[in-house]
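Read through the structure below, which is laid out as structure tokens, and then see the notes.
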Amino acid sequence: MLKTDQHFFSRRFSQFALLLSLPLAFYISLSSGSFGLSFNELTALLLAGPGETTEQVILWQIRLPRALLAGLVGAALSLAGATFQATLRNPLADPYLLGVSGGAALGAVAALTAGFSATLLVPIAAFCGALGTLLLVYLVARAHNCSPHTLILSGVMIGSLAGALLLFLLWQAPTEAARQAIFWMAGNLSLAHPGALSWSWLWIGSGLILLCLHAPQLDLMTQGEETAANLGIHVGRTRFVLFAIAGGLTAAAVALAGMIGFVGLVIPHICRLLWGPGHRRLLPFAALLGSSFLMIADAIARSVYAPAEIPVGVVTALLGAPFFLYLLQRNRGGM
Amino acid sequence: MIQANNLHFAFERTPIFNGLDLHIEHGEILSIIGPNGCGKSTLLRLLRGHLRPYTGDICWNNIPLTKMSFRNLARQVAMVPQTTHVDFPFTVHEMVAMGRYPHRQGLLSLAGNGDDKAIQEALALTDVLELAARQVTQLSGGELQRVLLARALAQNTPVLFLDEATSHLDIDHRLELAELLVRLNREQDKTIVQISHDLDLAAAISRRILMLSSHGEIVALGTPQQVMTATNLHRLFRVDLRVETNPYTGTPQITPLVNTAPHKLDHLKIHLFCGGGSGRILLRRLHLAQATLSVGPLNQGDSDHTTALALSIPTIEELPFQPYSAPILNQAREQITKADICVIATNWWGEGNLDCLDLALAVLDLNKVVYLIDPQQKNDFTEGRAWRKIEKLQQQGAICFRNEEHLFEHLQAIQKS
């Protein structure tokens, strides 16, 4: 297991590597795809600014927004995952655990089958579906006792209810809408509306700041409700605020890119294994690592079968699971 | 300091407290003792505000608990929980630093000037300074308890609650903790309320002891000398304890009278009358002592019936809620003739089980022995008929015992002879 004193240097080194990973991932994301760019070409194009040539259009209007989007979605999912894991005191929690995935998919598919365009109204419907389900789960659990157990159980139940409705919608939807829906559910970074970047970085950025302000509260929430209350936390209010922020982040991620699994589960875990569970460090690190991870995963998804794309969720799972198992093996004795 | 008036509380439908009054004085050490499940932890959680009483009110320094903010309360009282398990691998230092949260100010709740000193002092006092960089998930139960205590000390509150905080500690750390509590109480005027299973230690350090019965009633409240009497302790734990004065400290010292040699009653054939839980202890202990045991009649669903069934003791069964019928009583009569000893532990007499006493009278005629456990006239609901039969039994040689323990001693004497 990592100990602060013995592993001080390896810890410093891993933090340094993390900081380096972001520009590296950004570069990989920009250069890869059906139209390969070398480092020199890329630098020249970036310095030249937006323009009319094919390369400039590809870089400035397609790849750059997409890389930024991947970074934002990765950060949002990791932050939401870290928050849910701490507040639910459950290492298996991910952003979709409390029925969010089912609700978002239901909203999106309802919009798709109603014939709305995939770029503008579907994300809004997914966003509303995600937040609506989370609110419903919260209200149902609060009517009982709002313990992590109750929350998870009602999340799973309401999630499967949404899933059933979703299957029904898919069954009676026209073929084209159903195909689009499945494409959307597998997670895909090419769906977002070009204008989405302008609001999403504000939204996700403020989510990051708000969560970091709640880092001490998140630390205390991991200790259980009574201990958190013993140390002066208003547990009910804090939990609601944290859920609202994490729910807002998840809903934004889902609206932007559909359902990308695994990032929100594994990235916070990896950060906790490497740098400890203290949230003042964990949150920014998870945001950074989540960004880099999803940018690279998206680059791979774009280039493996270029010009076709494979769903990025497939890549995140294929990359994340073995690495996580390796870390777990190395850190035997505790998460 | 803390004033609780007329507390009523229940879990689901099991009442715990019925009108409990308690006043905890400033600067005292109060220990709460009582059997498992009597509501010690519940009382602490009520006083801390984690649970709301159904009726009654709790005041801290004359301010109702419900009017105090979470943060304000956390500056008043720190709690050392019973927990022996943590999920997240914080370092010991991070864990103890959490205790400073209620004192931190501002949007970022950054560490203030006094924080580091308070944390270091708490780490040192609880002997976990050298563990500071270790992860709490890797500590032993005792080490973790000391860390949790350190966190509560770092909270630097005038009141300290401890919920069995010594249960996993070694003897040296347990004594150190006791010393530490006394010192904190004496030097910093801390009010300390602790739940303890260590009766000697509780007696040694407490100014007052609150003894709760298994029904959440106050058995006694007062100085250790007043409360720790053999009678009270027997009432509480149903075992015989010797209470002496410790020659070094002058405080009561409790020694359980344990028979180290296991009881063995394998020569004895015993039939037991009981019902409604009155036979629970005897069924278990006689079974463990390997006596040849039979029991009944018992109604199906009776708690003694459940016990007998679980221990595979031969039982004569009657349908639920029925008076014992003639064929059942005949079966019982046959069963009893096979036994040498008949024990009547029944503590409730009505029309339904009155005939059992006739069976017992018939047993006496066969030159066998009948023992009664603590028969009481107030438990006779047959307008005196049962009591007359019990008196007749006693006249004809049945022996009464005050409790199961006395009967057991007697049975052992028989086993030996």
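The values are calculated or read from the model by the stated rules, or taken from the named source; none is laboratory data. No experiment lies behind these values; they were computed from the predicted model shown. Every residue, glycine as well, gets a Cβ built from its backbone with ideal geometry; the counts of neighbours run over all protein chains shown. Note: accessible area is taken over every heavy atom of the protein model, side chains too, but ligands, DNA and RNA are not part of it. Shrake-Rupley method; radii C 1.70, N 1.55, O 1.52, S 1.80 Å.
Descriptive notes on the structure:
- One residue stands out in the range B:48-104 among those that are of a type in the set (Asp, Glu) and within 11 Å of another protein chain (Cβ to nearest Cβ): the one that is nearest to the chain's Cα centre (by Cα), namely B:87.
- Taken together, A:279, A:269 contain a single residue that is crowded, with 24+ Cβ neighbours inside 10 Å and within 14 Å of another protein chain (Cβ to nearest Cβ), which is A:279.
- Matching residues in the range B:371-413 - criterion: being out of contact with any His (no Cβ under 8 Å at 6 or more places or on another chain), part of a helix (DSSP H, G or I) and either in contact (Cβ under 8 Å) with a residue 40 or more places away in the chain or buried (at least 17 other Cβ atoms within 10 Å of the Cβ) (or both): B:386, B:387, B:389, B:390, B:393, B:404, B:405, B:407, B:411
- Selection from the range B:119-135 of residues that are within 14 Å of chain A (Cβ to nearest Cβ) and either closer than 23 Å to residue B:175 by Cα or modelled with pLDDT under 90 (or both): B:119, B:122, B:129, B:130, B:131, B:132
- Exactly one residue out of A:4, A:53 is among the β-branched types (Val, Ile, Thr) and either at pLDDT 80 or above or under 30 Å from residue A:240 (Cβ atoms) (or both): that is A:53.
- Inter-residue pairs, beta-carbon under 6 Å, first on the phi > 0 side of the Ramachandran plot and modelled with pLDDT under 95 and in the range B:18-31, second surrounded by fewer than 18 Cβ atoms within 10 Å (Cβ to Cβ) and assigned to a strand (DSSP E or B), 6+ apart: B:19/B:6
- Some residue of the range A:157-172 being surrounded by 21 or more Cβ atoms within 10 Å (Cβ to Cβ), under 20 Å from residue A:116 (Cβ atoms) and away from chain B (no Cβ under 14 Å): yes
- The number of residues in the range B:35-47 that are within 14 Å of another protein chain (Cβ to nearest Cβ), open to solvent by 30 Å² or more (accessible area, probe 1.4 Å) and closer than 13 Å to residue B:215 by Cα comes to 0.
- Hits in the range B:105-118 - residues which are facing chain A (nearest Cβ under 9 Å) and among the polar types (S, T, N, Q): B:109
- Looking across the range A:215-236, just one residue is surrounded by fewer than 20 Cβ atoms within 10 Å (Cβ to Cβ) and more than 9 Å from chain B (Cβ to nearest Cβ), and that is A:236.
- Count of the range B:311-345 residues which are under 21 Å from residue B:277 (Cβ atoms), out of contact with any strand residue (DSSP E or B) (no Cβ under 8 Å at 6 or more places or on another chain) and of a type in the set (A, V, I, L, M, F, W, C): 1
- Residues of the range A:163-181 classified as within 20 Å of residue A:97 (Cα to Cα) and at pLDDT below 90, total: 3
- Single condition residue A:134 does not satisfy, out of (1) out of contact with any Phe, Trp or Tyr (no Cβ under 7 Å at 6 or more places or on another chain); (2) under 24 Å from residue A:241 (Cα atoms): (1)
- In the condition set (1) free of Cβ contacts under 8 Å to residues at least 60 places away in the same chain; (2) open to solvent by less than 20 Å² (accessible area, probe 1.4 Å), residue B:345 is compliant with all but (1).
- Which listed residue is closer than 30 Å to residue B:43 by Cα, open to solvent by 30 Å² or more (accessible area, probe 1.4 Å) and touching a residue at least 40 places away in the same chain (Cβ under 8 Å), from B:249, B:231, B:292: B:249
- Subset of the range B:80-96 that is over 13 Å from residue A:222 (Cβ atoms) and open to solvent by 20 Å² or more (accessible area, probe 1.4 Å) - its residue that is modelled with the lowest pLDDT: B:84
- When residue B:194 is tested against (1) assigned to a strand (DSSP E or B); (2) free of Cβ contacts under 8 Å to residues at least 12 places away in the same chain; (3) of a type outside the set (A, V, I, L, M, F, W, C), just one condition goes unmet, and that condition is (2).
- Flag for residue B:32 being more than 19 Å from the chain's Cα centre (by Cα), of a type in the set (Val, Ile, Thr) and either open to solvent by less than 20 Å² (accessible area, probe 1.4 Å) or more than 28 Å from residue B:201 (Cα to Cα) (or both): no
- Considering only residues in the range B:136-165 that are surrounded by 24 or more Cβ atoms within 10 Å (Cβ to Cβ) and assigned to a loop (DSSP other than H, G, I, E, B), the one that is modelled with the lowest pLDDT turns out to be B:165.
- Subset tally (residues that are touching a Leu at 6+ places or on another chain (Cβ under 7 Å) and buried (at least 22 other Cβ atoms within 10 Å of the Cβ)) for the range A:180-191: 3
- Some residue of the range B:5-17 being under 15 Å from the mean Cα position of the chain (by Cα) and buried (at least 16 other Cβ atoms within 10 Å of the Cβ): yes
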